[in-house]
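Working notes, beginning with the structure itself.
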Number of protein chains: 2
Amino acid sequence: MTPLVKKYFLKLPHASDDDKTPDLERVLAGLRREGLDVVSVPVSVIRKISSTLRENDFEVTATVCMADKPELIDVEPVQPTLRSRSTGIAVDLGTTNIVCSLVDINTGESLAGASETNPQTAIGEDILARIHHCLKPGGLEELRLAAVGAINDIAGRLADKAGIPASGISCACISGNTTMAHLFLGLDPYNICRAPYVPAANRFGMFRAKDLGLNIMPEAPVVVLPNVGSYVGGDVLAGILASGMAERDGISILVDVGTNAEIIVGNRDWLVACAGAAGPALEGGVVNSGMRAAPGAIDRIKIDENHEPSFSVIGDIPPAGMCGSALIDLLSELFRTGLIDGRGKFIPGRTERVVNTEGGPAYKVTENIVFTEKDIENLIRTKAAMYTALTVIISEIGITFSDIESFFVAGTFGEYIAADKAVSIGMLPDIPINKFKLLGNSSLKGAVMALLDLKAVEQIEKIASMITYKELNASAEFMSLYRAAMFLPHTDASLFPSTYKS
Amino acid sequence: MTPLVKKYFLKLPHASDDDKTPDLERVLAGLRREGLDVVSVPVSVIRKISSTLRENDFEVTATVCMADKPELIDVEPVQPTLRSRSTGIAVDLGTTNIVCSLVDINTGESLAGASETNPQTAIGEDILARIHHCLKPGGLEELRLAAVGAINDIAGRLADKAGIPASGISCACISGNTTMAHLFLGLDPYNICRAPYVPAANRFGMFRAKDLGLNIMPEAPVVVLPNVGSYVGGDVLAGILASGMAERDGISILVDVGTNAEIIVGNRDWLVACAGAAGPALEGGVVNSGMRAAPGAIDRIKIDENHEPSFSVIGDIPPAGMCGSALIDLLSELFRTGLIDGRGKFIPGRTERVVNTEGGPAYKVTENIVFTEKDIENLIRTKAAMYTALTVIISEIGITFSDIESFFVAGTFGEYIAADKAVSIGMLPDIPINKFKLLGNSSLKGAVMALLDLKAVEQIEKIASMITYKELNASAEFMSLYRAAMFLPHTDASLFPSTYKS
């Protein structure tokens, strides 16, 4: 594996009457002895070479960007922690959350991780609001700076945790959807959401941290993962990479549900993608007591024979709400224990846990956390949209769910979800449960892989070039399938034999 | 010839439902149709593509840097003046003067030219003072900004003259001596003048205008010509290139006299260089009424049989002083007409033009312009140093002056000089006068050549790798030869047969 950057420890001969090699060329000669032919050096680095050599007895650490043609991007004093460790930051730049991981790019070890709400949400809650905000003078720059500022913030904290200066982080990879990547780079997203839906760019390439405003090593290479048109972003490509589905013979499905839901079907020879807005109900904000999977979120929940709940909370603190996996658990459990019917309506008189609220009848999880019929309705819409999209896409490809070898579940959605529960409410198809593979934050995982190996970046570009995007039109057929899916688990019982059996 | 940058006029298809190519990829596809495979685009350029395409009906001018791997460095509206013209600025960054030329890099035509006193002279008169100034906190940055500011100033004026915005200047080449290149780039020159005399770098490479503070096209490539150690700078390499001596079979000498004097001897197979501080007397400042070759400078002067002067003035305005060529003329004429003896002393009673001044006896050119015995002494020192250096270097190589096929005279010195006069005072060797070739500002000419053809930059690097530097030690032999040359034209008459003949 060739990581994006490499550090070299150089013990160089001193300049003398017999060796008048200039300082820059002396460092390059040292790297050549290590087998590396560096061909370019930014002026900011040339400026520090002379003093760094002379203040450190000609023993320095050289950082080289390995992408494309080797470039010397830093020369610094030798420090024990830095000598052996090349660090990079992987960024999952989500519409709602920004999740970062600081990794040792030689070993792949995660040194520290953290996440933050994307501060752009305060400017525009969803993608469309943010694209609209860019019409205002300075609006795009405001959004760009919000994202860059948040990443700098997190990078600073992660560096602190790892005991290195932020300026020691020597590379970065940004994985986001098409609009997020545009806003991060300061590219006008106007045409992403307007016919004929053309992004400013698909392949962004590699930049320098200083040109993007990132406060890490100034000349650090920053890979912004490419996208495929307006609807398939780098986050999805990262997920495909992380799943390995594009290297397999058998057909896989990858479902990536963040704020939007994307579905990818394919193998090493072909990949088909479709997308739709399906996620908000699972991320908090739409469902009454929903919240993102963060400390204080209930992530797992069961209902016993007395209709009493038991649950686990992320971070072992008092619960503040429920994340997506708990919402799916709860819907499944309410249905299994007979508290709601197939349409998601509470059956009166079953338990005192069901109370009346402003949102109609609701199941009381705790004094402050309730799950209303309105919430259930939202969640059923989400699961129906997901299942319909899956059905339509495989039918258009001309396969059935039984042809699927692996079913990857990724995104916020895939971090804590119980696949069997998602099947039991008819959100995911009823296939053998061992075919489901939870990827967790595959956008972040793919970004880490891009830092660890240049071949991963090439592979992502290859994946991008393989993808065919299918528009899931709100056709009459789609709407009819969608209506049929608005039932727990489905109006067609034959589609969910394992649920009906249990 | 492949110039450093090329402009392409692109008339692109509009985005449509049938052609959802993103904006960036649309421009790259247009360039591919022109046979150009662009591989990288800076973020600042990606940012302007969408609006530039849409505000100009998808007809734009793309500027591509051709060095190394093609890079798209600007996309702008099509303008008649810009469509056909790619412009670059060549900079002769001299210790005393900065001379710039704005050229059409497709035709080589000079669109405008201008020069300015290097504002660094106000901070430190000579190279050593400036290197010393860099020891002060902020001193290097002060010098860097002075040079960059002056170049920006001139670039703005040249662009105005040519009727283009300064941001339309799409490339630059900087030619200067080793210290000037260091100061321009912000590299510490401390070790240039201290044993073992090691520059921070010999090969600087190519930078972007924005990274150097140049106010031209932000991503414009800026070539800073390389140097060969502390004493042979890019200005000399540019001169060698401009002379063509490194492509010839026959042996040439190139003498480049600016503030310092460099001598190069060689042909296509070998090049030997030596250098020394010989110039100041010819540039003004050292000689009483000396000044640089600028409007108001006497550049040519004769003395008639009545010992009366006649002269021409640059710019046809009242004379303010004498430039190097006039000083050499005048010394030659004073000697030829018998007003001074071989040691440079005025012979009393010959003419009333010789008056007494604070600097001793002096020849009065005008009421305000006098040439003192002290000035003559300085000039004789300069010419003796030059001749001695020439003698020593060819003797060390093992050739004689008769082996020389061409004798190139370059630098400030070479712009207006009369070779026969320089021979007559024993500054240049007494070889057939048609072997002398005046190159003018060959530092600037070489910089222009580097803008017009990438091969010229390669050729300069090849020249740099060929050069052997010889130290002209103040040995006993050198001092003895120097003393012998402190006579007009020389104590050994056999060396200057043509002068003694006339």
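The values are calculated or read from the model by the stated rules, or taken from the named source; none is laboratory data. In this text, all values refer to a predicted model and were calculated from it rather than measured experimentally. Positions of Cβ are backbone-derived with ideal geometry, glycine not excepted, and every protein chain shown enters the neighbour counts. Calculation scope for accessible area: heavy atoms of the full protein, side chains included, ligands and nucleic acids excluded. Shrake-Rupley method; radii C 1.70, N 1.55, O 1.52, S 1.80 Å.
Here's the yes/no breakdown for (1) at pLDDT 95 or above; (2) farther than 20 Å from A:ASP453 by Cα:
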| position | (1), (2) |
| --- | --- |
| A:VAL5 | yes, no |
| A:LYS11 | yes, yes |
| A:LYS20 | no, yes |
| A:ASP23 | yes, yes |
| A:ALA29 | yes, yes |
| A:VAL43 | yes, yes |
### Query
of a type in the set (Gly, Ala, Ser), open to solvent by less than 40 Å² (accessible area, probe 1.4 Å) and at pLDDT 95 or above, is that true of A:GLY321?
no
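Mind telling me which of the residues A:GLU76, A:GLU141, A:GLU125, A:GLU116 ends up being assigned to a strand (DSSP E or B) and either in contact with a Pro (Cβ under 7 Å, 6 or more places away or on another chain) or open to solvent by 30 Å² or more (accessible area, probe 1.4 Å) (or both)? Working first, answer last.
Working: A:GLU76 fails: either in contact with a Pro (Cβ under 7 Å, 6 or more places away or on another chain) or open to solvent by 30 Å² or more (accessible area, probe 1.4 Å) (or both); A:GLU141 fails: assigned to a strand (DSSP E or B); A:GLU125 fails: assigned to a strand (DSSP E or B).
Of the residues listed, the single one that is assigned to a strand (DSSP E or B) and either in contact with a Pro (Cβ under 7 Å, 6 or more places away or on another chain) or open to solvent by 30 Å² or more (accessible area, probe 1.4 Å) (or both) is A:GLU116.
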### Query
Tally time: how many residues in segment B:244-271 are within 13 Å of the chain's Cα centre (by Cα) and within 24 Å of B:GLY398 (Cα to Cα)?
5
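Can you tell me which of A:ASP375, A:ASP420 is open to solvent by less than 20 Å² (accessible area, probe 1.4 Å) and among the acidic types (Asp, Glu)? Walk me through it before giving the result.
Details: A:ASP420 fails: open to solvent by less than 20 Å² (accessible area, probe 1.4 Å).
When all the criteria are applied, what remains is A:ASP375.
Table: residues versus (1) farther than 22 Å from A:ALA273 by Cα; (2) modelled with pLDDT under 95.
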| position | (1), (2) |
| --- | --- |
| A:ASN378 | yes, yes |
| A:ALA385 | no, yes |
| A:VAL392 | no, yes |
| A:ILE404 | no, no |
| A:VAL409 | no, yes |
| A:GLY414 | no, yes |
| A:ALA418 | yes, yes |
| A:ILE431 | no, no |
| A:LYS435 | no, no |
### Task
Please work out if B:THR2 is more than 14 Å from chain A (Cβ to nearest Cβ) and assigned to a loop (DSSP other than H, G, I, E, B).
yes
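Could you please find all residues in segment A:19-42 being open to solvent by less than 10 Å² (accessible area, probe 1.4 Å) and of a type in the set (Lys, Arg)?
Residues of segment A:19-42 open to solvent by less than 10 Å² (accessible area, probe 1.4 Å): A:22-24, A:26-27, A:30-31.
Of everything in segment A:19-42, just one residue is open to solvent by less than 10 Å² (accessible area, probe 1.4 Å) and of a type in the set (Lys, Arg), namely A:ARG26.
One line per residue, one yes/no per condition, for (1) in contact with an Asp or Glu (Cβ under 8 Å, 6 or more places away or on another chain); (2) without any contact (Cβ under 8 Å) to a residue 12 or more places away in the chain; (3) among the hydroxyl-bearing types (Ser, Thr, Tyr); (4) facing chain B (nearest Cβ under 7 Å):
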| site | (1), (2), (3), (4) |
| --- | --- |
| A:THR178 | no, no, yes, no |
| A:HIS182 | yes, no, no, no |
| A:ASP188 | no, no, no, yes |
| A:ARG194 | no, yes, no, no |
| A:TYR197 | no, no, yes, yes |
| A:GLY205 | no, no, no, yes |
| A:ARG208 | yes, no, no, no |
| A:LEU212 | no, no, no, yes |
| A:ILE216 | no, no, no, no |
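So which of A:THR63, A:THR21, A:THR107 ends up being out of contact with any Ser or Thr (no Cβ under 7 Å at 6 or more places or on another chain) and either assigned by TED's automatic domain parsing to the domain that holds A:GLY163 or not in a loop (DSSP other than H, G, I, E, B) (or both)? Before you say what the answer is, go through the steps one by one.
Details: A:THR63 fails: out of contact with any Ser or Thr (no Cβ under 7 Å at 6 or more places or on another chain); A:THR21 fails: either assigned by TED's automatic domain parsing to the domain that holds A:GLY163 or not in a loop (DSSP other than H, G, I, E, B) (or both).
Answer to the selection: A:THR107.
Here's a check for you: in segment B:228-253, which residue that is of a type in the set (A, V, I, L, M) and farther than 18 Å from B:LEU451 by Cβ is surrounded by the most Cβ atoms within 10 Å (Cβ to Cβ)?
Within segment B:228-253, the first condition is being of a type in the set (A, V, I, L, M), and the residues that meet it are B:228, B:232, B:236-238, B:240-242, B:245-246, B:251, B:253.
Narrowing further to those that are farther than 18 Å from B:LEU451 by Cβ: B:228, B:232, B:236, B:245-246, B:251, B:253.
Values: B:VAL228: 24, B:VAL232: 25, B:VAL236: 33, B:MET245: 25, B:ALA246: 23, B:ILE251: 18, B:ILE253: 27.
My answer is B:VAL236.
Surrounded by 19 or more Cβ atoms within 10 Å (Cβ to Cβ), of a type outside the set (Gly, Ala, Ser) and away from every other protein chain (no Cβ under 14 Å): which single residue out of A:CYS65, A:CYS100 fits that description? Spell out how you get there, then give the answer.
Numbers: A:CYS65 fails: away from every other protein chain (no Cβ under 14 Å).
So the residue among A:CYS65, A:CYS100 that is surrounded by 19 or more Cβ atoms within 10 Å (Cβ to Cβ), of a type outside the set (Gly, Ala, Ser) and away from every other protein chain (no Cβ under 14 Å) is A:CYS100.
With respect to B:SER16, is the statement that it is of a type in the set (Ser, Thr, Tyr), within 9 Å of another protein chain (Cβ to nearest Cβ), over 41 Å from the mean Cα position of the chain (by Cα) and open to solvent by less than 50 Å² (accessible area, probe 1.4 Å) true? Walk me through it before giving the result.
Numbers: of a type in the set (Ser, Thr, Tyr): yes; within 9 Å of another protein chain (Cβ to nearest Cβ): yes; over 41 Å from the mean Cα position of the chain (by Cα): yes; open to solvent by less than 50 Å² (accessible area, probe 1.4 Å): yes.
The answer is yes for B:SER16.
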